[in-house]
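So the structure is just underneath, and the comments pick up after that.
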Amino acid sequence: MAPSDDVAHVDHERRLQRLIRRLPGKMQAVTRWLRRPASRWARIPAGVLLIIGGCLSILPFLGLWMLPLGLMLLADDIPPLRRARGRALDWVHRRRPHWFAGAPGRAGPQRPEAAEKSGDSPEPPTPAGD
């Protein structure tokens, strides 16, 4: 793996972790467990079943949302899907950057003094003479 591939892999993993943090708590735990290397025995059948469920989206319980989720799960084990997942993450990051900003409501509101120290103040600084 070339150094640039390694950097891209780390960046895609960071983006995936940010998306996973936005899931409800129970779904986070299941998703993190499925993505572990030791869970390959469960990840591949789950991915295949999700893809099949996505193809059967005309049925009431199943939906089209299952198709990309199954492909994302299988991408951990199939290199061409991994590259496609990386391109898809890049595309989503360009169009919906707020999805990667962090989990809403998980860390609580940021204190104003902490925002000023970090430079993330939502308001522009006011002149000292006013």
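Here are a few things to note about the model shown:
- Considered as an equivalent ellipsoid built on the Cα gyration tensor, the range 13-98 has semi-axes of 19, 16, 15 Å, the largest given first.
- Proximity of backbone amide H atoms, modeled 1.01 Å from N, is registered between residue 23 and no other residue at under 5 Å, excluding neighbours fewer than 5 places apart on the same chain.
- Pair residue 41, residue 26: separation of 7 Å Cα→Cβ label points (nm): 2.5 nm
No lab work stands behind these numbers, since they all come straight from the coordinates. Just so you know, these numbers come straight off a predicted model, no measurement behind them. Because the Cβ atoms are built from the backbone with ideal geometry, glycine has one as well, and the counts that use them run over all protein chains shown.
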